[in-house]
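Have a look at the structure below before the remarks.
Where a number appears in this text, it was derived from the coordinates with a stated rule and is not lab data. Since the structure is predicted, the reported quantities are computational estimates derived from the model, not experimental observations. Cβ coordinates were reconstructed from backbone atoms using ideal geometry, including for glycine residues, and neighbour counts include every protein chain displayed.
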Amino acid sequence: MIITIDGKACECEKGEFLLQVAKRNGIDIPTLCHHDGLPGQAACRVCLVEVKDGGRSQVTASCVFPVDHEIEVSTNSRKVKEERGMVLALLRMRAPGSEVIANMCEAYGAPKIGRLKPVVDGDKCILCGLCKRACASLGNGAIETLMRGTQKYVGTPYDQPSADCIGCGSCAEVCPTGAIEMKDEKGVRTIWGSEFRLVYCRECGKLIGTEEYMKAAGNTDDLCDDC
Amino acid sequence: MADKILKEIIDRYPRERRYALAVMQDMQRHYSYIPREGLELLAGHVGCKVAELYSMATFYKALSLKPRGKHIIKLCNGTACHIRGSVNLINGINRELGIAPGETTEDGEFTLELVNCLGSCALAPVMVVDETYYGKMTLEKLPSILGEYRKEAK
Ligand code: SF4
Ligand code: FES
């Protein structure tokens with residue numbers, strides 16, 4: 001099947017997501033909450049595109065839009081620019097401390113909205129939920145979204161170190177805005193209020209992970225994947 | 001022992017994740033809050049993580065992680081009640097009981113909660129104590145209503 005994205009003919013399979021097809025064809029669509037390993041999030045709406053289908057057109061999130069027949073897609077129409085700009089402007093209020101979002105606002109021309117105030121000054125989190133899904137998908141489930149509404153945040157139960165956390169750092173790794181603090185220093189990792197001893201490959205010296213992570217992964221010989 | 005009662009509450013339900021909320025409601029009813037131990041036991045019982053249950057417990061207004069008073073005062077601060085002076089009532093209750101929204105009196109008798117609509121705007125401003133509705137509330141009515149519950153306590 002062939003669809004057109006920004007005038008370019010793109011080959012694709014039925015059921016593939018628009019974002020996937022665009023990426024494969026070298027067409028830039030900004031994303032925040034999309035992660036190839038944890039698809040279907042669709043929380044940030046930064047990946048908006050306009051889909052023209054016959055006489056109708058709709059602006060929709062490309063990361064979860066499955067292609068099932070021939071359509072015409074625009075990633076930069078006036079409508080897309082307007083709506084994406086507003087989404088980014090609002091995200092900037094949600095996460096005023098995020099450099100990633102500030103840069104995106106700049107790059108994609110987000111309007112300034114003076115009548116709104118940041119939810120929490122300096123906050124970087126857009127509450128996309130990617131981190132908790134990463135944690136849960138690894139079977140740890142140490143962090144969750146807590147509270148609701150304007151008070152919602154990501155954290156551990158009782159805001160205390162969690163016995164379920166193995167310090168793998170996956171949450172910090174998938175976070176699109178760098179909102180999760182993780183520090184590796186002098187052989188110790190600090191994350192979510194816990195400290196973990198780091199393990200390095202005994203052959204090449206590369207960092208493999210924390211002791212708890214090694215146990216969970218069943219790695220007993222202290223060798224990294226390459227050695 | 002708290003532990004035993006907790007176990008009893010939990011064991012009333014099958015070991016399935018979908019009963020978690022019902023168990024937490026039972027704990028809430030019995031203790032007026034959900035003890036940490038209860039969350040941990042429940043996670044083991046239904047086979048999920050504490051974080052998941054904690055997330056639910058912080059999401060629902062009906063669940064609390066801190067002990068609540070014997071009597072729950074729900075004061076509506078929805079649009080209609082707000083316009084009709086619910087803020088005065090907040091101050092009034094503060095004068096009577098010395099608590100702000102979200103707080104519990106030291107003797108553990110009363111907890112004050114603000115809610116966003118009780119679906120009875122025609123009666124605005126509305127206050128609910130436990131299960132009893134008090135409509136068209138005024139500052140003047142406050143002392144006698146609260147007094148009733150105080151008496152009951154003694
Ligand atoms: S911490 Fe990062 S990954 Fe987690 S919800 Fe916030 S923005 Fe998303
Ligand atoms: S990347 Fe599509 S909604 Fe976030």
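Wrap a convex hull around the Cα atoms of the stretch B:71-153, take a quarter of its surface area, and give that in square nanometres. If you can, show how the numbers build up before the last one.
On the way: hull surface 18.6 nm².
Value for the stretch B:71-153: 4.7 nm².
Is it possible to state the helix-based mean residue ellipticity at 222 nm for chain A, with each DSSP H run of 4+ residues giving -39500 (n - 2.57), the sum divided by total residues, to the nearest 500 deg cm²/dmol? What is it?
Numbers: 6 runs with 53 residues, N = 227.
One gets -6500 deg cm²/dmol as the mean residue ellipticity at 222 nm.
With θ set to phi - 60° and the Karplus curve 6.51 cos²θ - 1.76 cosθ + 1.60, what are the ³J(HN,Hα) couplings of the stretch A:215-227 in order, to the nearest whole Hz, using x for Gly and Pro?
4, 5, 7, x, 8, 10, 9, 6, 10, 7, 4, 7, 9
Report, in whole Å, the centroid distance computed from the Cα atoms of the stretch A:19-34 and the stretch B:1-35.
46 Å
Nearest 10 degrees is fine. How inclined is helix B:86-97 to the longest principal axis of chain B, computing both from alpha carbons?
80 degrees
Over all residues in B:47-60, what is the mean tally of Cβ atoms on other chains that come within 10 Å of each residue's Cβ? Walk me through the numbers before you get to the answer.
Working: counts 0, 2, 12, 9, 16, 5, 2, 8, 11, 2, 2, 10, 7, 1.
What the average comes to for B:47-60 is 6.
Just how far, in whole angstrom, is the stretch A:94-119 from the stretch A:48-93 if you go by their alpha carbon centroids?
Their Cα centres are 20 Å away from one another.
If you place +1 on the Cβ of every Lys and Arg, -1 on the Cβ of every Asp and Glu, and leave all else neutral, what size is the dipole of the stretch A:127-227 about its Cα centre, to the nearest 20 Debye? Intermediate values should be presented prior to the final figure.
On the way: 11 positive and 15 negative charges, 83 e Å.
The calculated dipole for the stretch A:127-227 is roughly 400 debye.
Please determine, in degrees from 0 to 90 and to the nearest 10, the orientation of helix B:36-46 with respect to the longest principal axis defined by the Cα atoms of chain B, where the helix direction is its Cα long axis.
Tilt of helix B:36-46: around 50 degrees.
Using every pair of alpha-carbon atoms in the protein assembly as shown, split the distances into 20 Å bins beginning at 0 and state the percent of pairs per bin, rounded to integers.
21, 43, 31, 5, 0
Size of the dipole of chain A about the Cα centre, Lys and Arg at +1 and Asp and Glu at -1 on the beta carbon, nothing else charged, in debye to 20?
On the way: 28 positive and 32 negative charges, 217 e Å.
Roughly 1040 debye for chain A.
Could you tell me, in Å, what Rg and Dmax come out for the Cα atoms of the stretch A:15-105?
Answer for the stretch A:15-105, Rg first and Dmax second: 13.2, 42 Å.
Please sort B:141-149, A:124-132, A:191-199 by packing, taking for each peptide the average over its residues of neighbouring beta carbons within 10 angstrom, highest first. All intermediate terms of the calculation are to be shown ahead of the outcome.
Working: B:141-149: 14.4, A:124-132: 22.0, A:191-199: 17.6.
Result, highest mean Cβ count within 10 Å first: A:124-132, A:191-199, B:141-149.
Please pull out the direction-averaged projected area of the stretch A:137-227, using the convex hull of its alpha-carbon atoms, in nm² to one decimal place. The partial results should precede the final answer.
Working: hull surface 27.1 nm².
Computing the convex hull of the Cα atoms and averaging its projections yields 6.8 nm².
Going by amide H atoms built from the backbone, whose H comes under 5 Å of the H on residue B:71, apart from near neighbours?
Hits under the 5 Å cutoff: B:110, B:111.
How tilted is helix B:2-11 with respect to the longest principal axis of chain B? Cα atoms for both, answer in degrees (0 to 90, nearest 10).
It works out to around 80 degrees.
Under a straight-distance cross-link criterion of Cα-Cα below 30 Å, which lysines are reachable from residue A:52, leaving out those fewer than 8 residues away in the same chain?
The qualifying lysines are A:8, A:14, A:23, A:79, A:81, A:112.
From the convex hull of the Cα coordinates of chain A, what is the mean projected area in square nanometres?
15.3 nm²
Mind checking the dipole of the stretch B:71-153: about its Cα centre, +1 per Lys or Arg Cβ, -1 per Asp or Glu Cβ, Debye to the nearest 20? Write out the running numbers ahead of the final one.
Details: 7 positive and 11 negative charges, 90 e Å.
I would put it at about 440 debye.
Between their Cα atoms, which of A:183/B:49; A:117/A:186; B:7/B:66; A:117/B:74 are more than 28 Å away from each other? Show your work: numbers first, answer last.
On the way: A:183/B:49 25 Å; A:117/A:186 39 Å; B:7/B:66 20 Å; A:117/B:74 30 Å.
Over 28 Å Cα-Cα: A:117/A:186; A:117/B:74.
Let me confirm one metric for peptide A:138-149, namely the mean number of other chain beta-carbon atoms within 10 Å of its residues' beta-carbons. Write out the running numbers ahead of the final one.
On the way: counts 0, 1, 2, 7, 3, 3, 10, 4, 7, 3, 5, 1.
For this peptide, the per-residue mean of nearby foreign Cβ atoms is 4.
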